[in-house]
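Take a look at the structure below.
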């Protein structure tokens, strides 16, 4: 499916200029819903939210309401939250447990594996005409559970999730794995949901690795909201990355991360100074992680965004955030806070309080970010503003390929991650095939000398 929109005129990643139209235009918003969110792998939820048969969590995929549930045999499903009869939502609760999803409109009912079970007056009105087997809930054709996170795609031809993730997996693992290096083991301890008057891409881009906006957080850094603030340490977080090399890495699939490549033999940096028991817990985890992971333990996560709309904080705080598009100028944000499932209760409580202080609708750091995003959206909506593109020329060409990590790696503050993101974004809107969307044989991505 091709597009009539002038994509190449709007997105010029070679020269680092991107039109404001893609952030405010209803036409681009419709194209995103039709061509991007119907094909890309999207984050739906976490297995810890549906631990038992019959458990469900109502989530979103682009514009669609979906039900993440575990059927009575323990299998995970993702269904469109819409009755096959007249489209009413069959589940209007955020989370819970059930044996049946019953449509409140005409009472068609579905089992937790999606099958149509109950049809009122079936023998009188439908027998011989309605084949229940053909009218199950609509299920995503592609689903993957990775370290308890659940991902889905509406495109039956989408590549497997691990191919879609590519080398970004090494960075996502640092978010999802236990703090002591054991694979997986995270759980969700809460979800914050809120709506902000901003285009969703401003938020996604912010987590790709926009370190240039740090002056926005100066007031938070001055007062000190970090977990060692009462012990006299200023700033938003503890300095766990001391002596590390910050790296900004982009990947062919559109993902971008800001991580830290720690020096060989790096040692534990004291943290959570006002909570000695928590500091001791993380000290123990640090040494266990180095033993388990070896050289890979040198990768320390900071922030990242998995294409198109799943962002993360890696350590302080730690969680995933999904930017759901409502319109060109409105986004619904869902932040999933993560901890190790087997962490001591005191550690979980301290982290929960710090997470809320930092992130979410009341988080002091995230409020700074939201102020930027919503004012940028509003200031870009007028007819004069839309005539002038945004500048994405920062550190143009200043990256190396696969050095010291897989991907296109910058060791200085850069907008390369954003340029790569919008290059892939443009391919989706133009209806490119999966080889192009995965960056195979892409001549545009030329590394610096």
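Scanning region 223-252 for residues that are out of contact with any strand residue (DSSP E or B) (no Cβ under 9 Å at 6 or more places or on another chain) and outside any loop (DSSP other than H, G, I, E, B), we see that the one that is surrounded by the most Cβ atoms within 10 Å (Cβ to Cβ) is 229. Taken together, the residues in region 131-158 that are free of Cβ contacts under 8 Å to residues at least 24 places away in the same chain and surrounded by 14 or more Cβ atoms within 10 Å (Cβ to Cβ) amount to 1. Within region 26-54, take every residue that is crowded, with 19+ Cβ neighbours inside 10 Å and more than 18 Å from the chain's Cα centre (by Cα) and give me the one that is nearest to residue 374 (Cα to Cα). Among those that are crowded, with 19+ Cβ neighbours inside 10 Å and more than 18 Å from the chain's Cα centre (by Cα), it is 29. Taken together, the criteria exclude residue 382 from residues that are at positive phi and assigned to a loop (DSSP other than H, G, I, E, B).
Residue check: residue 353 meets all listed conditions (1) part of a helix (DSSP H, G or I); (2) under 24 Å from residue 36 (Cα atoms); (3) out of contact with any helix residue (DSSP H, G or I) (no Cβ under 9 Å at 6 or more places or on another chain) but one, namely (2). Within the set 322, 347, 339, the sole residue that is surrounded by 15 or more Cβ atoms within 10 Å (Cβ to Cβ) and part of a helix (DSSP H, G or I) turns out to be 347.
Tell me whether region 189-204 contains one or more residues that are in a helix (DSSP H, G or I), modelled with pLDDT of 95 or more, in contact with a strand residue (DSSP E or B) (Cβ under 7 Å, 6 or more places away or on another chain) and within 13 Å of residue 372 (Cβ to Cβ).
Of the residues in region 189-204, the ones in a helix (DSSP H, G or I) are 200-204.
From what's left, modelled with pLDDT of 95 or more: 200-204.
Checking which are in contact with a strand residue (DSSP E or B) (Cβ under 7 Å, 6 or more places away or on another chain) leaves us with 200, 203-204.
Going one step further and asking which of them are within 13 Å of residue 372 (Cβ to Cβ), we end up with 203.
Yes, there is a match, as at least one residue in region 189-204 is in a helix (DSSP H, G or I), modelled with pLDDT of 95 or more, in contact with a strand residue (DSSP E or B) (Cβ under 7 Å, 6 or more places away or on another chain) and within 13 Å of residue 372 (Cβ to Cβ).
Against the conditions (1) touching a residue at least 12 places away in the same chain (Cβ under 8 Å); (2) part of a helix (DSSP H, G or I), residue 30 satisfies every one except (1).
Screening residue 279 with (1) modelled with pLDDT of 95 or more; (2) in contact with a helix residue (DSSP H, G or I) (Cβ under 9 Å, 6 or more places away or on another chain); (3) assigned to a helix (DSSP H, G or I) gives one miss only, at (2).
Is it the case that region 209-222 has a residue that's touching a strand residue (DSSP E or B) at 6+ places or on another chain (Cβ under 7 Å), closer than 25 Å to residue 33 by Cα and touching a residue at least 24 places away in the same chain (Cβ under 8 Å)? Spell out how you get there, then give the answer.
Of all residues in region 209-222, those touching a strand residue (DSSP E or B) at 6+ places or on another chain (Cβ under 7 Å) come to 209, 211.
Those still in the list that are closer than 25 Å to residue 33 by Cα too: 209.
After this cut, where a residue has to be touching a residue at least 24 places away in the same chain (Cβ under 8 Å) as well, the list is 209.
Within region 209-222, one or more residues are touching a strand residue (DSSP E or B) at 6+ places or on another chain (Cβ under 7 Å), closer than 25 Å to residue 33 by Cα and touching a residue at least 24 places away in the same chain (Cβ under 8 Å).
Where strands (runs of 3 or more DSSP E) fall wholly inside region 56-126, the ranges with 2 or more residues that are under 26 Å from residue 34 (Cβ atoms) and within 26 Å of the chain's Cα centre (by Cα) are 64-70, 76-80.
Looking only at region 159-179, which residues are part of a loop (DSSP other than H, G, I, E, B), surrounded by fewer than 21 Cβ atoms within 10 Å (Cβ to Cβ) and touching a residue at least 24 places away in the same chain (Cβ under 8 Å)? Across region 159-179, the qualifying residues are 159, 178.
The values are calculated or read from the model by the stated rules, or taken from the named source; none is laboratory data. These numbers come from a predicted model, not from an experiment. Cβ sites come from the backbone with ideal geometry, for glycine too, and all protein chains shown count toward neighbours.
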